[in-house]
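*Asks:* Got a structure for you, questions after.
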Amino acid sequence: MNLLQKLKETISSVLPIMAIVLILGLTVVPIGKDLIVRFILGGILLILGLTVFLLGVDIGILPIGERSGASLTAKRSLPLLLGVSFVIGFMVTIAEPDVQVLAGQIKNVSPAVNKWALIFMIASGIGLFVVIGLLRTMLSLKLKYVLLLSYAAVFTMAFFCPSEFQGIAFDAGGATTGPMTVPFIMALGVGVAAVRSKGQIHSGTSLEKSKNSAENSSDDSFGLTGIASVGPVAAVCFYGILQRFTNSNSSLAKTSFLAAENGGGKDAATGLYVFFSELPSVFKEVSMALLPLVAMFIVFQIFLLKMPPFQVRRMIKGLLYSFAGLVLFLTGVNGGFMPAGQSLGGLLGTAASTEGGWWLVLLCGTGILFGAVVVCAEPAVWVLTEQVESISGGTIKRKVMLAALSAGVAVSIGLSMLRLLFSFSLWYILLPGYAIALFLSFICPPLFTAIAFDSGGVASGPMTSTFILSFTLGASLACGGNPVTDAFGVIALVAMTPLIAIQVLGIIFRLKQRRAMTK
């Protein structure tokens with residue numbers, strides 16, 4: 001148990017955001033002493049909670065996935081592997097902190113949306129597309145064709161989905177791939193790719209054994225996260241279509257966001273007691289989120305894993321750590337972190353919309369700075385870049401990947417701020433952005449395409465789902481726009497821009513390789 005290492009990772013994730021907020025909140029954009037205190041305490045709880053949660057994931061939850069994967073591959077049954085993978089993807093997504101935060105913010109926007117129904121839809125989307133991704137690996141299908149068909153289907157569904165759900169749907173695709181889901185999915189993808197290359201899994205009749213080279217096997221090790229992140233978009237679009245036909249009053253309204261933000265006794269005047277008032281509801285939500293994982297562990301232990309008692313005790317300890325960490329994390333987020341983000345965004349948005357000038361530049365510049373910092377601070381990004389550097393044998397350097405991701409996400413947050421100020425449609429960015437990303441997949445090395453679409457998912461983690469989204473919601477409201485259509489979509493843009501940045505990096509990498517070979 002490397003508690004200090006986890007603490008270091010989490011501090012490096014949260015402190016850059018906290019430093020920027022405190023500098024702005026104590027100087028040019030004062031947000032008030034009470035809110036500053038709540039923000040600091042919320043940040044401390046967030047750091048402690050995320051540290052304990054990640055520790056619990058490492059010692060209690062990830063081993064469940066790893067051992068389950070090993071046991072399933074030993075069974076050599078493709079239907080069993082796919083069926084259980086759906087269940088794992090579903091259960092893990094329900095427990096994902098980012099999903100809990102996003103669903104809570106959507107619920108604040110519209111009480112008409114059932115939070116748990118939305119979470120179950122998102123989890124089903126992840127599970128379904130994890131199965132699709134594994135089938136792609138097993139059948140050696142080209143990733144670019146699978147992505148092209150998947151996004152064509154998603155954009156078709158989004159066309160029929162109510163406009164209020166479109167930004168939320170694409171946000172869900174980015175928010176679901178966080179510190180809980182990403183390690184599970186990536187480990188599963190790498191393991192299945194390795195097994196497929198040895199021809200060890202079959203379904204009824206023997207599958208064709210792998211004839212790919214080691215390079216192609218590495219290509220198949222990535223891409224599962226990118227495919228999985230399409231699932232929640234499709235699921236929320238489907239949920240929105242259902243809402244359109246089943247409830248005429250389900251339209252997401254700006255007024256309900258106003259009521260949620262200003263009501264409920266959660267303003268700065270309540271002081272530190274707001275954290276205690278959050279505990280009962282957070283405790284209940286976390287219990288409901290982790291209960292399916294506990295049930296899954298019990299079933300797997302009885303019928304599949306059959307681990308000795310000391311390993312069972314270790315798993316239980318990890319689950320308890322995850323529970324405690326998630327309670328602390330969500331309490332800090334709801335009690336101090338998100339309210340400060342909304343307040344800061346609101347003050348900057350008000351000044352930018354009324355006075356313009358350098359305030360407008362400050363709003364956009366702050367968004368760009370947040371974007372550049374937040375991606376380098378996401379724990380899941382470090383997991384991805386470390387694995388990429390390892391599998392590529394050091395050919396793809398972590399620092400180069402981080403720089404490309406940082407530049408892409410900074411641009412996306414800057415575009416989000418401009419969208420708030422000028423109220424132009426999210427489609428003006430998403431359609432050409434994904435068109436460029438999918439076009440690049442045909443001229444970029446396959447490994448970089450797989451990495452790029454994985455990067456899009458992991459770039460939008462806890463800091464994006466908690467602080468960046470709340471900052472954007474506050475700024476949108478202050479600018480006089482509709483937060484539902486103007487603010488939601490920021491996570492989607494964060495998830496989209498790395499698709500382009502990493503593939504451009506891959507094309508440059510290929511050109512350099514060719515030049516080196518000709519010398």
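The values are calculated or read from the model by the stated rules, or taken from the named source; none is laboratory data. Because the structure is a prediction, the values reported are computed rather than measured. Because the Cβ atoms are built from the backbone with ideal geometry, glycine has one as well, and the counts that use them run over all protein chains shown. Ligands, DNA and RNA are excluded from the accessible area calculation, which covers all protein heavy atoms including side chains. Shrake-Rupley method; radii C 1.70, N 1.55, O 1.52, S 1.80 Å.
*Asks:* Where a ≥ b ≥ c are the square roots of the eigenvalues of the C-alpha gyration tensor, would you call region 44-134 rounded, which needs a/c under 1.5, or, failing that, prolate if a/b is larger than b/c, or oblate?
*Replies:* Note, shape of region 44-134 comes out oblate.
*Asks:* Now for a separate question. If I take R0 = 25 Å and measure r between the Cβ atoms of residue 26 and residue 281 in this structure, what FRET efficiency does the formula 1/(1 + (r/R0)^6) give, to the nearest 0.05?
*Replies:* Plugging the Cβ-Cβ distance into 1/(1 + (r/R0)^6) gives 0.20.
*Asks:* Turning to a different aspect of this structure: I want the local charge near residue 100. Using Cβ-Cβ distances under 15 Å, sum +1 for each Lys or Arg and -1 for each Asp or Glu among the other residues.
*Replies:* Within the 15 Å Cβ shell, the charges total -2.
*Asks:* Let me ask you something else. To the nearest 10 square angstrom, how much accessible area does residue 313 have with a 1.4 angstrom probe?
*Replies:* It works out to around 150 Å².
*Asks:* How big, in percent, is the set of alpha carbon pairs in region 1-55 lying more than 18 Å apart?
*Replies:* Values: 556 of 1485 pairs.
Across region 1-55, Cα pairs with separations above 18 Å total 37 percent.
*Asks:* With the crude spin-label approximation of a point 7 Å out along Cα→Cβ, what separation in nm comes out for residue 135 versus residue 310?
*Replies:* The answer from the label model is 4.3 nm.
*Asks:* Have a look at 126, 53, 78 and report the one farthest towards the positive end of the charge dipole of region 1-142, computed about the Cα centre with Cβ charges (Lys/Arg +1, Asp/Glu -1).
*Replies:* Of 126, 53, 78, it is 78.
*Asks:* Near the amide H of residue 77, under 5 Å away, which other amide H atoms are found, from residues 5 or more places off or on another chain, if H is placed in the peptide plane?
*Replies:* When sequence neighbours closer than 5 places are left aside, the close amide H contacts are 202.
*Asks:* Stretch residue 4-residue 112 to full length: gain in nm at 0.36 nm per residue minus the Cα-Cα span?
*Replies:* Here the segment from residue 4 to residue 112 would lengthen by 34.6 nm.
*Asks:* Can you tell me the accessible area per residue over region 61-159, all protein chains present, probe 1.4 angstrom, in square angstrom?
*Replies:* 35
*Asks:* Any idea how far apart residue 386 and residue 511 come out in nm if each label point goes 7 Å out from Cα toward Cβ?
*Replies:* Label-label distance for residue 386 and residue 511, simple model: 3.3 nm.
*Asks:* Averaged across orientations, what area in nm² does the convex hull of the alpha carbons in region 331-377 project?
*Replies:* 3.5
*Asks:* Further question: Residues with beta-carbon under 11 Å from that of residue 441, excluding residue 441: net charge, scoring Lys, Arg +1 and Asp, Glu -1?
*Replies:* Working: positive: 142, 144; negative: none.
With Lys, Arg at +1 and Asp, Glu at -1, the neighbours total +2.
*Asks:* Oh, and also: At residue 422 and residue 400, where each label point lies 7 Å from the Cα along Cα→Cβ, what is the point-to-point distance in nanometres?
*Replies:* Taking the simple label geometry, residue 422 and residue 400 are separated by 3.4 nm.
*Asks:* I'd like the carbon and sulfur percentage of the solvent accessible area for region 1-80, probe radius 1.4 Å, heavy atoms only, ligands and nucleic acids excluded.
*Replies:* 68
*Asks:* Sticking with this structure for a sec: May I ask you to order 129-139, 507-517, 236-246 by the average number of other C-beta atoms within 10 Å around their residues, highest value first?
*Replies:* Ranked by mean Cβ neighbours within 10 Å, highest first: 129-139, 236-246, 507-517.
*Asks:* Sticking with this one: Could you grab the relative contact order for region 434-519? Cα pairs under 8 Å, six or more apart, rounded to a whole percent.
*Replies:* Contact order relative to length: 48 percent.
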